[in-house]
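Right, one structure below, let's go through it.
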Amino acid sequence: MTTRTAPAGQPDLAPVPGRPFGIYIHVPFCATRCGYCDFNTYTPAELGGANPDGWLAALRVELSLAAERVGAVPVQTVFVGGGTPSLLGGAGLSAVLDAVREHFDLAADAEVTTEANPESTSPAFFATLREAGYTRVSLGMQSSAPQVLAVLDRTHSPGRAPAAAAEAGAAGFEHVSIDLIYGTPGETDDDLRRSIDIAVGAGVDHVSAYSLIVEDGTALARRVRRGEIDRPDDDVLAQRYELLDSQLSAAGFGWYEVSNWSRPGGECRHNLGYWDGGEWWGAGPGAHGFLGTTRWWNVKHPNAYAESLADGNLPVADFEELDSAARHTEEVMLRLRLRSGLASRDLSAAEVSRVPALVDDGLLGMRDERLVLTDRGRLLADGVVRSLLA
């Protein structure tokens with residue numbers, strides 16, 4: 001599915017004119033490690049001397065090298081993720097955005113997002129971000145149920161996330177998102193209903209909701225293996241998804257991607273770039289980027305990341321060149337997850353021949369010559385993609 005241009009070395013990175021271009025910045029720092037998380041994050045004990053100041057200095061170098069390769073392409077979106085970006089504080093996140101502006105031109109209407117843990121935010125934090133130029137904030141709430149937060153090893157109190165959302169709104173953020181996780185062992189339907197009510201009541205215009213996945217190598221996986229807690233049940237996950245969709249729809253939110261709902265105009269443009277054919281530079285330890293036909297990913301540990309940049313090299317761990325078949329597979333997989341759907345003209349004759357069976361099964365519908373997942377199809381999205389590409 002993919003081919004390499006060379007067994008080793010640096011990729012030849014260049015954007016395709018006309019495609020939306022964004023920048024993702026990975027902040028690898030966390031105060032503690034949540035039991036379900038397998039992201040590239042590090043607690044203070046795991047950093048080996050790395051610190052936010054050294055990370056920011058290295059990031060500036062990477063952005064300088066990135067600008068040399070990308071050229072004068074306007075940046076449509078910036079997304080600072082992690083990890084826990086809010087651990088940098090308002091001043092630290094302002095410095096991150098200053099580093100982007102130093103090397104790139106932001107579009108006049110650029111969307112600039114940061115993720116934040118509710119516990120490391122405050123009214124002053126949000127005010128500083130707005131003044132710096134951030135336009136959107138995404139808060140990790142996960143649940144309002146104490147027993148669910150305990151299973152997930154989340155450290156924030158149940159009431160802190162909606163309070164943080166209100167503070168962000170008061171600071172002038174028009175776009176505030178809350179993340180939820182559903183299907184955690186011990187969660188009830190009423191727990192999820194309350195979490196949705198609290199998120200909507202906090203005045204957010206966007207909700208992302210993900211089923212709990214037990215990732216290998218996590219503390220949660222070890223607890224499941226020891227029999228301390230049950231593995232999430234697929235039927236329960238489907239039921240909870242339907243509950244989410246029904247309740248959010250009743251509150252005026254519409255789904256625009258299988259795991260994302262928003263009020264009109266509240267869609268996350270940066271993430272839409274991932275799903276709808278955009279390009280992005282991934283900066284920071286372990287960050288992934290995509291330009292042209294090249295996908296690459298950086299070395300993971302902050303120390304190795306900084307050392308590579310100190311030598312004047314991009315901190316690329318490895319890369320791959322996507323051939324036409326791999327690009328097609330990704331386009332089908334990603335665009336079919338969107339409410340806007342997938343243009344039928346983008347399918348091969350063999351794939352088109354498989355569409356009627358999926359329509360008859362109630363998994364796909366057709367709207368303006370585009371294939372769109374039905375409500376049932378969203379529950380089985382991965383299977384629909386496999387059937388279409390088989």
Within the chain, the cysteines whose Cβ lies no closer than 4.7 Å to any other cysteine Cβ are Cys30, Cys268
Estimated distance in nm for a label pair at Ser122 and Ser340, the labels positioned 7 Å out from Cα along Cα-to-Cβ = 4.1
Over the alpha carbons of the chain, what is the largest minus smallest coordinate on each principal axis, giving the biggest first in Å?
-> 58, 51, 46
Formal net charge of residues neighbouring Trp255 (Cβ-Cβ distance under 11 Å; K, R +1; D, E -1) | -1
Say R0 is 30 Å: what FRET efficiency, to the nearest 0.05, do Met366 and Ile213 get from their beta-carbon distance?
-> 0.45
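Rolling a 1.4 angstrom probe over the protein heavy atoms, how many square angstrom per residue are accessible across the chain?
Details: 16580 Å² over 390 residues.
Averaged over the residues of the chain, the accessible area is 43 Å².
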How high is the relative contact order of the chain, in percent, counting Cα pairs under 8 Å that sit 6 or more residues apart?
-> 19
Could you list the square roots of 5 times each eigenvalue of the Cα gyration tensor of the range 137-183, that is, the equivalent ellipsoid semi-axes, sorted largest first and rounded to whole Å?
-> 22, 10, 7
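Please work out the FRET efficiency for the pair Gln239 and Ser348, using the Cβ-Cβ distance as r and a Förster radius of 45 Å; give the result to the nearest 0.05.
Numbers: r = 35 Å, r/R0 = 0.79.
Here the calculated transfer efficiency is 0.80.
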Counting only Cα, what are the radius of gyration and maximum Cα-Cα distance Dmax of the range 263-331, in Å?
-> 14.7, 47
Among Pro15, Thr43, Ala127, the residue whose Cα sits farthest towards the positive end of the charge dipole of the range 1-159, when +1 is placed on the Cβ of each Lys and Arg and -1 on the Cβ of each Asp and Glu, is Pro15
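Given the alpha-carbon gyration tensor of the range 191-295, what are the semi-axes of its equivalent ellipsoid in whole angstrom, ordered largest first, with each equal to the square root of 5 times an eigenvalue? It would help to have the intermediate numbers written out before the result.
On the way: eigenvalues 145, 125, 27 Å².
Rounded to whole Å, the semi-axes are 27, 25, 12.
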Report in % the part of the accessible area of the chain that belongs to carbon and sulfur, leaving out ligands and nucleic acids; probe 1.4 Å.
-> 51
Would you please state which residues of the range 161-205 a label at Val224 would reach in this model, taking the label point 7 Å out along Cα→Cβ and a backbone N cut-off of under 20 Å?
-> 180-189, 192
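Summing Lys, Arg as +1 and Asp, Glu as -1, what charge do residues with Cβ under 13 Å from the Cβ of Arg354 carry, Arg354 excluded? Provide the component values of the computation, followed by the final result.
On the way: positive: Arg386; negative: Glu351, Asp360, Asp361.
Neighbour charge sum, excluding Arg354 itself: -2.
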Report the relative contact order of the range 197-324, percent, no decimals, based on alpha-carbon pairs under 8 angstrom and at least 6 residues apart.
-> 16
Around Arg223, what is the net charge, scoring Lys/Arg as +1 and Asp/Glu as -1 over all other residues with Cβ under 11 Å from its Cβ?
-> +1
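Can you pull a Stokes-Einstein diffusion coefficient for the range 69-176 at 37 °C (0.692 mPa s), Rh from Kirkwood over Cα pairs, as a whole number of µm²/s?
Values: Rh = 14.6 Å.
Answer, rounded: 225 µm²/s.
The values are calculated or read from the model by the stated rules, or taken from the named source; none is laboratory data. Values in this document were obtained by computation on a predicted structure and should not be read as measured data. Cβ: placed from backbone, ideal geometry, glycine included. Neighbour counts: every protein chain shown. Remember, those area values only see protein heavy atoms, side chains included, never the ligands or the DNA or RNA. Shrake-Rupley method; radii C 1.70, N 1.55, O 1.52, S 1.80 Å.
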